[in-house]
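In what follows, a structure is listed as structure tokens, so that the remarks can point back to it.
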Amino acid sequence: MQKYQTAIARTLLALVFLGLVLLRLGAIMNTPDGYVQYQVTLGQFGLPTIFAPILILVQLIAGFSLLIGFKTKLFASLLAGLAFFLALVLGTKIPEVFFLYIGIAGGMLLLSSYPQTACSVDNRKL
């Protein structure tokens with residue numbers, strides 16, 4: 001049962017990033033100047049506009065890879081770093097977000113320490 005609990009935890013942590021980026025992409029596609037608005041929002045937190053495509057790409061690829069359990073240790077570590085970075089950047093303006101992303105970073109660090117979960121591409125038998 002414990003191996004399935006870690007698979008569920010991996011899936012839920014992946015959905016945090018994958019869900020956020022899919023919602024963001026939907027908002028960008030449904031608004032004529034959605035991408036520019038996203039860049040402006042990042043600029044309000046002191047991030048240059050180059051971060052917009054980087055954040056979208058990293059969250060999309062790493063979130064999907066984590067969802068299917070591909071290179072779990074690598075992508076969990078990457079998303080832990082991203083969550084910590086977002087906690088520091090976004091937490092300066094929105095204190096609640098700091099604690100949310102710190103918690104997510106902790107979950108990602110734990111997942112990177114124990115990457116072998118059930119129902120993952122990493123564990124398939126050839």
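The values are calculated or read from the model by the stated rules, or taken from the named source; none is laboratory data. Since we're looking at a predicted model, the values are computed, not measured. All Cβ positions, even for glycine, are placed from backbone atoms using ideal geometry, and neighbour counts span all protein chains on display.
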* Within the set of pairs 6+ apart or on separate chains, which have a first residue in region 81-107 that is without any contact (Cβ under 8 Å) to a residue 24 or more places away in the chain, a second that is polar (S, T, N, Q), and C-beta atoms under 7 Å apart? -> none
* To do: Identify the single condition in (1) under 28 Å from Asn123 (Cα atoms); (2) modelled with pLDDT of 90 or more that Glu96 does not satisfy, given that it satisfies every other one.
  => (1)
* **Residues satisfying the stated conditions in region 107-126, i.e. hydroxyl-bearing (Ser, Thr, Tyr) and at pLDDT 85 or above** => Ser112, Ser113
* Structure fact -> For Leu20, the lone unmet condition from (1) surrounded by 17 or more Cβ atoms within 10 Å (Cβ to Cβ); (2) touching a residue at least 12 places away in the same chain (Cβ under 8 Å) is (1)
* Asked: In the list Ile56, Ile104, Ile61, which residue meets the criterion of being touching a Lys or Arg at 6+ places or on another chain (Cβ under 9 Å) and at pLDDT 90 or above?
  -> Ile56
* Asked: Restricting attention to region 47-80, which residues are touching a residue at least 40 places away in the same chain (Cβ under 8 Å), of a type outside the set (A, V, I, L, M, F, W, C) and over 18 Å from Leu110 (Cβ atoms)?
  -> Gln59
* Asked: Hey, does region 96-119 have a residue that's at positive phi, over 14 Å from the mean Cα position of the chain (by Cα) and surrounded by 15 or more Cβ atoms within 10 Å (Cβ to Cβ)?
  -> yes
* Asked: Can you tell me which residues in region 38-68 are in contact with a Phe, Trp or Tyr (Cβ under 7 Å, 6 or more places away or on another chain) and over 21 Å from Thr6 (Cα atoms)?
  -> Leu42, Ala52
* Residues located in region 84-113, provided they are assigned to a helix (DSSP H, G or I) and within 15 Å of Leu42 (Cα to Cα) -> Phe85, Leu86, Ala87, Leu88, Val89, Leu90, Val97
* To do: Of the conditions (1) over 18 Å from the mean Cα position of the chain (by Cα); (2) modelled with pLDDT under 90, Met29 clears all except one; give me its number.
  => (2)
* So Leu15 clears everything in (1) under 29 Å from Ala118 (Cα atoms); (2) out of contact with any Leu (no Cβ under 9 Å at 6 or more places or on another chain); (3) touching a residue at least 12 places away in the same chain (Cβ under 8 Å) except one condition, right? Which one? -> (2)
* Verdict on Ile68 being within 17 Å of Val16 (Cα to Cα), surrounded by fewer than 18 Cβ atoms within 10 Å (Cβ to Cβ) and either touching a helix residue (DSSP H, G or I) at 6+ places or on another chain (Cβ under 8 Å) or among the charged types (D, E, K, R) (or both) -> yes
